[in-house]
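The block underneath contains the structure these notes are about, expressed in structure tokens.
Rule-based calculations on the coordinates, nothing more; no lab input. Nothing here was measured: the structure is a model prediction, and the numbers come from that model. No Cβ is skipped: glycine too gets one built from the backbone with ideal geometry, and neighbour counts run over all protein chains shown.
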Amino acid sequence: MPLSESTAATIARLANRAVCCACLLVCAACTPPPDQPTEKPTEPRATALREAVHAPLESAQAAQRHVEDAAARQTGTIDAEGG
């Protein structure tokens, strides 16, 4: 008894999907294992960039400390003179 066209098409689609799944499984089985982490962490390489970013910040922080110290001295002087 011959198969109808719809049954044959369904079987063909299922066979196609099975072949695709088998190919995917074979490809997944053949991939190499992930790299093992090294025991020693890598050295940072962006030291020049880091210094270029931090230099203005450190300068601004030093200026802020200077301004705050001057304000504290001025407040102390005003309080000492009874103001």
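Odds and ends about this structure:
- FRET efficiency, residue 14 to residue 39 (Cβ-Cβ, R0 41 Å, nearest 0.05): 0.25
- Full extension of the chain between residue 65 and residue 79 gives 2.9 nm of extra length, using 0.36 nm per residue less the Cα-Cα distance.
- Degrees separating the helix 47-80 axis from the principal Cα axis of the chain, which is the longest one: 30 degrees
- Identified option (computed Cα Rg over 2.2 N^0.38 Å; candidates (1) 3.14; (2) 1.03; (3) 1.11): (1)
- Between the helical axis of 5-29 and the longest alpha-carbon principal axis of the chain there is an angle of about 50 degrees.
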